[in-house]
Amino acid sequence: MKIQILGIHFRKDGPQLPDQLLEAGLVVVPSGPGLANDLIESPAYREALRNADWVIPDSGLMVLAWNALHFWRPERHIQRYSGLRLLREVLPREDVRSPAASFWIMPSLEDRDRNVQWLISNGHHALTEEDCYLAPVYRPDEHGRVEDPNILALIEERRPKVIFVNVGGGVQEQLGWYLRSKLSYRPAILCTGAAIAFLSGGQASIPSWADRYLLGWMMRILSDPNRYGARYGKALRLIPALLRYRDRCPVAVNTRQARDS
């Protein structure tokens, strides 16, 4: 069950994902700012979203605007399913908690220590530092893509069932697609970004009710206005993009118009 928005095929059956986790492949949860900016400006980001097995509609702004545009066509409506909710529903699973089942790509040593401590205290007793990888500061290659042969070799050796990619949006989707396309087997690759930090205390705490009522963005801005105010302000570009392109890819439309002019 998919619906095309801005040239990307979003899954309408997100709540069913936890039950299909081990067969899910690459799961991406693009944010509003990512869709408003990276989708248009970064070919590698766009490639990652187009090739993902599951694209989850995490952006509340996108969901609200899309459903408003199709107010009289409820069959075209889409339900938000956040990365935070996905993580909350996946983490209690026994097949994720078992020894060596999961592998975590962490953005820093501080994040790793805090997240591992939280995970262990919440039932992941078998998790160790060896189940984690400290991501470097990724720089796109000459083709604008993110690659990491070191982590590729490590995952091939360990062969976890589930890989959690917790680096920043815009990068994590590209890294996830790199792993999905290069690994010799097919684990679940969940690009849930900062969601683990909401749970472990690394970022603003977002209660389930705030996530359900699309208030996560406000909680983040209140916790750090200087950091997140401008970021979410840029996400407003998503509204005119949806008004103009709707289900079409912005870059494809602009390229065709330039060729025809």
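With a Förster radius of 51 Å applied to the beta-carbon distance between L214 and E142, the computed FRET efficiency rounds to 0.85.
Solvent-accessible area of M1, all protein chains in place: 140 Å² (probe radius 1.4 Å, heavy atoms, ligands and nucleic acids excluded). Projecting label points 7 angstrom from Cα along Cα→Cβ for D95 and E75 puts them 3.4 nm apart. Taking I221, I163, I155 in turn, the Gaussian network model of the chain (Cα-Cα springs below 10 Å) assigns the largest fluctuation to I221.
Ranking I151, I120 from most to least accessible surface, computed with a 1.4 Å probe over the protein chains only, gives I120, I151. Averaging Cα coordinates gives a centre for the range 54-93 and one for the range 156-218; these two points are 16 Å apart.
Sum up the charges of everything whose Cβ sits under 15 Å from the Cβ of L49, counting Lys and Arg as +1 and Asp and Glu as -1, but leave L49 out.
Summing Lys and Arg as +1 and Asp and Glu as -1 gives 0.
Rounded to the nearest 0.05, what FRET efficiency do H9 and A68 give with R0 = 25 Å and r taken as the Cβ-Cβ distance? Could you check? Here the calculated transfer efficiency is 0.75.
Considering only protein heavy atoms, with the full assembly of protein chains and a 1.4 angstrom probe, order R76, R244, R231 by accessible area, largest first. Mind showing how you got there, number by number?
Details: R76 60, R244 125, R231 85 Å².
Sorted by accessible area, descending: R244, R231, R76.
Put +1 on the Cβ of every Lys and Arg and -1 on every Asp and Glu Cβ in the range 102-261; which of Y178, H125, V162 then has its Cα farthest towards the positive end of the dipole? Value: Y178. In a reduced charge model with +1 at each Lys and Arg Cβ and -1 at each Asp and Glu Cβ, the chain shows a dipole moment near 1080 debye about its Cα centre. Volume per residue of the convex hull around the Cα atoms, evaluated for the range 48-131, comes out as 142 Å³. Taking the range 1-30 and a reference point 7 angstrom along Cα→Cβ of R186, the backbone N atoms nearer than 17 Å belong to 1, 17-28.
The values are calculated or read from the model by the stated rules, or taken from the named source; none is laboratory data. Predicted model, so just to flag it, every value in this text is computed and none were measured. We place every Cβ from the backbone using ideal geometry, glycine too, and count neighbours over all the protein chains shown. Only protein heavy atoms, including side chains, enter the accessible area calculation; ligands, DNA and RNA are left aside. Shrake-Rupley method; radii C 1.70, N 1.55, O 1.52, S 1.80 Å.
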